[in-house]
Amino acid sequence: MVTIPRLVVAAPASGAGKTTVATGLMAALTTRGLAVSPHKAGPDYIDPGYHALATGRPGRNLDAYLAGEDLIAPLFAHGARGADVAIVEGVMGLFDGRAATSEASTAHVARLLDAPVLLVVDASSQAASVAALVHGFATFDRSVRIAGVVLNRVGSARHEEILREALRPLGVPVAGALPREAAVHVPSRHLGLVPAAERDAQARQAVAALGALVERHCDLDLVLRLASAASPLAVTPWSAADAVGTPVPGRPVVAVAAGAAFTFSYAETAELLAAAGAEVAYVDPLRDEALPAGTRALVIGGGFPEVHAADLAANTPLREQVARLAARGAPIVAECAGLLYLAASLDGAPMCGVLPTRARMTGRLTLGYREAVRPDGTVVRAHEFHRTACSPPAGDPPAYVLPKREGFVRGGVHASYLHPHWAGTPRLAPELVRAAGTAA
């Protein structure tokens, strides 16, 4: 049995203030001296970066589609090991999941964790109607427990009084009321918030301000009582070692792209690589002119290379070294931003030239879950999220068929727009490390 107080921060819709409340709670509770385990429902990479700043622990994703619902509680227990309390930030509206279903929704994750829900309501244009809204969410699915409400964007003390009075008959406690004018600004751009790694000092200031805001306007003792009402979980924590089996001997060095241009990565990816026998080393393509010594394989995850294209292009020594690594047949896995970095060019700026394609920014958002098939027949669940396009869009053979051809396989390179959660397809890590062990 795993006993960990936990709370899911959800909302009726996107934009209500989930990130403000969840990150603020994480920061405020950490300031109190508690060890807070941060989690994010869904495939989002950016919010967990702010969660990590707030808590000093890796922000971890809980995605019931990418990882599979059977892994949600084990992954949660793994991430929350040693924590005093866990906060899970939801995604979109509480019941919004894959297509028109609640699969992989915040509600789905809350059910799998048997976790109480703290509902964040944008009260800026409501009075008594807030009771109908909360009542509807509390009764729509009785297996999802709305344990409390945080009122966001409250206009005045009188407005707060009206809202609280309207909610009182429901018996759902109000855990806080954030004033409208107290919003903390976190800049955003074409794929959401600017990642914390790109604005470290300002991000830390924003997280501290969110913590102070929540400390002033939320009842943290009530929040902890609500979280402590969660029942023990009958679950065995996920283990990267158990997932990959016998490690590859020799500790081949697997480099993982990092830094401001490549911030999209699940925490479990590096853990799986290490458990599979790799020595995991990091490289920042914006700053480092050489791969880590002895690199035998490379993983390039997602991020914003389009924002940093000129600086990536200026780092000619690393681009050439990556091209030489690929020419030797070394295994290279590239996801989305990695695909763009390996292309011949990105918006006209020269990239590594490993793949026979040119990438450019577009005005079109491509977003959604995908079920794809690799050339070897492996079925992979993944997520796609970008505003770029490649010409041509796929090679022969492609990286995936879904049913259209997507991405490139070229020598040891496997590159596509898709982001799988490696815990959901644990064979990816040992396959890469085995190939690294035999690479020239």
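Given springs between every Cα pair under 10 Å in a Gaussian network model of the chain, which of Leu286, Leu367, Leu118 has the largest fluctuation? Result for the chain, Cα springs under 10 Å: Leu367 fluctuates most. Cα centroids of region 300-321 and region 11-55: 30 Å apart. Compute the relative contact order of region 302-435 as a whole-number percentage, counting only Cα pairs closer than 8 Å that sit 6 or more residues apart in sequence. The value is 23 percent. Taking every DSSP bridge with both residues inside the chain, close to 40 percent are antiparallel. What nm value, rounded to one decimal, do you get for the distance between Ala349 and Arg387 when each label is placed 7 Å out toward the C-beta? That separation, rounded to one decimal, is 1.6 nm.
Assuming charge only on the beta carbon of Lys and Arg (+1) and of Asp and Glu (-1), the dipole of region 249-350 about its Cα centre is about 380 debye to the nearest 20. What is the sum of charges, Lys and Arg at +1 and Asp and Glu at -1, for the other residues whose Cβ falls under 10 Å from the Cβ of Ala67? Once positives and negatives cancel, what remains is -3. Between helix 200-217 and the chain there is an angle of about 20 degrees, using the helix long axis and the longest principal axis of the Cα atoms.
For trypsin sites (Lys or Arg not before Pro), the sites in region 376-440 that DSSP calls loop and that have at most 16 other Cβ atoms within 10 Å are Lys404, Arg427. At a probe radius of 1.4 angstrom, the accessible area of the chain per residue rounds to 38 square angstrom. Under a 5 Å amide H cut-off, with hydrogens placed 1.01 Å from N, Val85 pairs with Ala35, Ser37 among residues at least 5 apart or on other chains. Rounded, prolate or oblate: which fits region 80-220 when a ≥ b ≥ c are the square roots of the eigenvalues of the alpha-carbon gyration tensor, with rounded for a/c under 1.5 and prolate only if a/b beats b/c? Taking the square roots of the gyration eigenvalues as a ≥ b ≥ c, region 80-220 is oblate.
Can you give the helix-only mean residue ellipticity at 222 nm for the chain, where every DSSP H stretch with n ≥ 4 adds -39500 (n - 2.57) and the sum goes over all residues, rounded to the nearest 500 deg cm²/dmol? It comes out at -9000 deg cm²/dmol, rounded to the nearest 500. Electrostatic bookkeeping for Glu320 treats Lys and Arg as +1 and Asp and Glu as -1; over the other residues with beta carbon under 14 Å from its beta carbon, the sum is +1.
With contacts taken as Cα pairs under 8 Å at a separation of at least 6 residues, the chain carries a relative contact order of 15 percent. Axis of helix 157-167 versus longest Cα principal axis of the chain: the two differ by about 90°, to the nearest ten degrees.
Once both labels are modelled 7 Å past Cα along the beta-carbon direction, what's the Ala234-Arg180 spacing in nm? In this crude label model, Ala234 to Arg180 measures out at 5.0 nm. Name the shape class, rounded, prolate or oblate, that the alpha-carbon gyration tensor gives for region 1-106, where a ≥ b ≥ c are the square roots of its eigenvalues, rounded holds for a/c under 1.5, and otherwise prolate holds if a/b is larger than b/c and oblate otherwise. Oblate shape, in that a/c is at least 1.5 and b/c is the bigger or equal ratio. Summing Cβ point charges (Lys, Arg +1; Asp, Glu -1) relative to the Cα centre of the chain gives a dipole of roughly 260 debye. Nonpolar atom fraction for region 87-217, defined as the carbon and sulfur part of the 1.4 Å probe accessible area, stands at 54 percent.
With respect to the chain, whose longest principal axis is taken over its alpha-carbon atoms, helix 18-31 is tilted by about 90°. Positive end of the dipole of the chain (Cβ unit charges, origin at the Cα centre): among Leu213, Ser231, Thr366, the Cα lying farthest that way belongs to Thr366. Seen from Ala267, the other residues with C-beta closer than 12 Å to its C-beta sum to a net charge of +1, counting Lys and Arg as +1 and Asp and Glu as -1.
Using a/c under 1.5 as the rounded threshold, could you call region 211-369 rounded, prolate or oblate? The axes a ≥ b ≥ c are square roots of the C-alpha gyration tensor eigenvalues, and prolate needs a/b larger than b/c, oblate otherwise. Verdict is oblate for region 211-369. Look at the dipole of the chain built from charges on Cβ: of Ala394, Ala274, Phe304, the Cα furthest out on the positive end belongs to Ala394. Report note on the peptides 109-116, 390-397: ranked by the mean count of other C-beta atoms within 10 Å, highest first, their order is 109-116, 390-397. Here r is the Cβ-Cβ distance between Thr31 and Glu69 and R0 is 30 Å; the resulting FRET efficiency, rounded to 0.05, is 0.35. Just to be sure I understand: of the beta bridges DSSP finds with both ends in region 284-414, what percent are antiparallel, rounded to 5? Counting only bridges with both partners in region 284-414, antiparallel ones make up about 70 percent.
Modelled spin labels at Glu371 and Asp396, positioned 7 Å past Cα toward Cβ, are 2.9 nm from each other. Between Arg427 and Ser14, the C-beta separation translates, for a Förster distance of 51 Å, into a calculated FRET efficiency of about 0.90.
The values are calculated or read from the model by the stated rules, or taken from the named source; none is laboratory data. Note that this is a predicted model, so its numbers are computed, not measured. Quick reminder, even Gly has a Cβ in these numbers, built from the backbone with ideal geometry, and neighbours come from all protein chains shown. For accessibility, only protein heavy atoms count, side chains too; no ligands or nucleic acids. Shrake-Rupley method; radii C 1.70, N 1.55, O 1.52, S 1.80 Å.
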